[in-house]
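This report concerns only the one structure given below.
Every number in this text was worked out from the coordinates using simple rules, so none of it is lab data. Values in this document were obtained by computation on a predicted structure and should not be read as measured data. As a convention, Cβ positions derive from the backbone with ideal geometry for all residues, glycine included, and neighbour counts pool all protein chains shown.
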Amino acid sequence: MTTARPTTAEHGPYGEADPDRPHPPKGVADWGCEEFKKKWYKDDDIEVFRQALYAHETHDAEFSGQTDLSAQADRSGPSNRHSPLASSQRVRPRRRSSTPCTHKRTRTFRPRKDVVREGWAYHLFRCPLLMVIGLASLLEILVYVSVRQIVTLIEIIVSCRGQEGRLKRKLSGAKTYEEWAQTALELDELLGFEPWKKHSSNAYYDSTSVRKVLISLERSRLIDDAEGVKDVLEVCLRANFAGIESLRLYSQTHLGTKTLIENYVDEVEKSIIYLRETPQISAQEKTTFFRRTAKNLGTSALCLSGGGTFGYYHLGVIKALVQARLLPTVITGASAGSLVAALLCTRTDEELERILVPELADMITGAEESIQVWLPRMIQTGARFDTVIWAKKSCFFTMGSMTFLEAYERTGRILNVSVIPHDLHSPTTLLNFITAPNCVIFSAILASAAVPLVMNPVVLLEKKRDGRVRPWRFQGKHKDGSLRVDVPLESLHIYFNTSFSIVSQVNPHVHLFFFQPRGAPGQPVVHRRGKGWRGGFLLSALEQYMKIELVKNLRVIRDLELLPAEFGGQTFTAVFLQKFEGTVTIWPHTRLQDWLKILEDPSREELSRMIEVGERVTWPKIRMIEHRMRIERQVFEGRKQTKQSQEPVIPSQPHSQQQHQHQQLSPSAAAAASALTSRTVNGRFLGPTSLGIASETDPDSSTCCETGNLH
């Protein structure tokens, strides 16, 4: 049985006052909500983390198996950490990734074995070829930036005139989604987009199939033909049926899409509700139907990218989705995105609405040190930030030493954090309640934030049955997963059958090259009233050509291994060549000041602005996300009802007997077994993303608890 976890202010174990918390500003009587006034970290857990970081590499096996660092922390105690006994337990660090700031590291570069075996031609032409490609890429970047600036200037000139300009300024200054939607509707009417909505035919989807399904569903439902409704739904309940999820269908207007698609979504929703409630279909048939259609339809996921301080734009995206009740169950984060994802997956919707306020900036103090403090540390250790200090500060976002499984049980949301083992050849690891149920979240988000020169690789922690933590057994150090996989769509599809992804992308190096020549959902092209190309066809073509040339150069550098390992090697090219977009991609608009403060903490005023910007860039995507989520949730509600109607009543066992049974299991199997008993959280159905989806043939099979041993 998993241990108790911190929950709310009433019964959380970390409710004592935080002595390190800054004092409230003068004249402010109520400084934030109650969660801002707690000390969330445990001293013993932080001490275990500190010892694991500074331990000698050759003792990793002892830390993971024989030696229990949590027990050492208990014996030494917080007050005895500087005693001779405590000091004698430390081993002098050797590796750069585990070197404390009091020891100066030495940098030694050793060539890779495969490079040593290369012939003379490789060593002779490698550097000249790299220089030629680098100069060509620099010239292409200059041309690319110039093209982008010209396109932006043209769009500003075209869109700022007359009534259209007035409505667009009103649109960009909207304070609520309702105000934004009303203005967007007025803008569509002004620009003549309403006739396009009513005309059902379009080259980007099969309007004939959609119309036939709509008519068949409505006719069968009205005559109470349950079998007919079921047969038609089995045809249309699948991802992107007839192309209705095409971005182009939502990029022609500011609000909504084809009226035929709107009516189709309404009718499918009504038909699913009808099928759930009709007595003409047996419970077993309903169970089979909803299980099959859920697999065909897939799940939705929200992916939060990395990006330093840019990552706080994610808060506005989350706030907009929470208020619209469109937040997916599966959440993934990398680097800065993992911090925001942890905040999201450890809090309920009600708690999020209380803490997604400008006062949240008072809890974001990771970069408060002056240059006199962090510069010597960076010179000595190769990292600007102290990992142990960040561990304490990050515990607010993770509600203390909460694990992935505990967060899932508390909120019903599935947190996924992408990390990379600290060796050259290990693949990226996706941590979640299936692959790492007992892993402590704050150690995972620190690993995901371990970018070179920012933070050194860290050790992951796991929680034992008694609630104490220890280094994760048989695991080394880990670092930022966004260096290879910023948006882990492939892994999400494997674990959770994800077929619809909402990506909030704030990476600065990606933001420079993001360009949608035919518009984005809710943001039609201003040229030729939404029917042209951004800046005209020639400029859009030149932009695409320059970007493809840059990608080609990076692939040549990667495939020929031209960049030395000391300068990033394959990691540098992977940062640019990976996939950064999803089905729906949200790109918050940044400012020049953001680039200058990419590693600084935001003030209350700055965080308030970032939240507002995140909300505004999410609103144009709401309608497309809503159409998908409405159908998906009705299918999952059907799975919930049919499963509950067939579940036998299991006699309750004494707590001591349950605990004894779980003690016979391995920690990961026990954690997975306990998760199987909580398919609903606070009355909320967890959908196909519960452990049951691990079994491909039978989503509700209990054999899937074995997936807890995967990593």
Exercise for the section: For Lys464 and Arg529, calculate 0.36 nm times their separation in residues minus their Cα-Cα distance, and state this gained length in nm to one decimal. Expected result: 17.3 nm
Completion exercise
Checked against the positive end of the charge dipole of the stretch 217-281 (+1 on Cβ of Lys and Arg, -1 on Cβ of Asp and Glu, about the Cα centre), the farthest of Gly243, Val232, Ile273 is Gly243
Completion exercise
Taking 0.36 nm per residue of separation between Arg630 and Thr152 and subtracting their Cα-Cα distance, the length gained on full extension comes to 168.5 nm
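Could you list His422, His493 so that the one with the fewest beta carbons within 10 Å of its beta carbon is first and the one with the most is last?
Neighbour counts put them in this order, fewest first: His493, His422.
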Handout entry: Kirkwood hydrodynamic radius over Cα pairs of the stretch 195-280, then Stokes diffusion coefficient at 37 °C and 0.692 mPa s, in µm²/s
Key = 244
Completion exercise
In this structure, the FRET efficiency calculated for Arg518 and Asn240 from their beta-carbon separation, with R0 = 25 Å, to the nearest 0.05, is 0.90
Exercise for the section: Could you work out how far the C-alpha centroid of the stretch 514-578 sits from that of the stretch 261-324, in angstrom? Expected result: 32
Exercise for the section: Please report, in debye to the nearest 20, how large the charge dipole of the stretch 195-280 is about its Cα centre when each Lys and Arg carries +1 at its beta carbon and each Asp and Glu carries -1 there. Expected result: 400
Practice task
Give me Phe500, Phe36, Phe537 ranked fewest to most by other Cβ atoms within 10 Å of their Cβ, as a rough exposure proxy.
Solution key: Phe537, Phe36, Phe500
Exercise for the section: Can you tell me the order of 554-563, 516-525 when each peptide is scored by its average per-residue count of other Cβ atoms within 10 angstrom, highest first? Expected result: 516-525, 554-563
Problem - Binned Cα-Cα distance frequencies in the stretch 331-416 - 5 Å width, integer % - result: 3, 13, 21, 22, 16, 12, 7, 5, 2
Handout entry: Förster radius 25 Å - calculated FRET efficiency between Ser200 and Asp224, Cβ distance, rounded to 0.05
Key = 0.35
Handout entry: Set Lys547/Lys597; Lys477/Lys579; Lys319/Lys392; Lys270/Lys295; Lys258/Lys286 screened for pairs whose C-alpha atoms are more than 23 Å apart
Key = Lys547/Lys597; Lys477/Lys579; Lys319/Lys392; Lys258/Lys286
Practice task
At 0.36 nm per residue, minus the direct Cα-Cα distance, what do Ala121 and Gln182 gain on full extension? Give it in nm, one decimal, please.
Solution key: 15.4 nm
Exercise for the section: Please state the charge dipole magnitude for the stretch 142-273, taken about the Cα centre, from unit charges on C-beta atoms (+1 on K and R, -1 on D and E), reported in debye and rounded to the nearest 20. Expected result: 680
Handout entry: Cα-projected label distance for Asp43 with Arg555, points at 7 Å along beta-carbon direction, nm
Key = 5.7
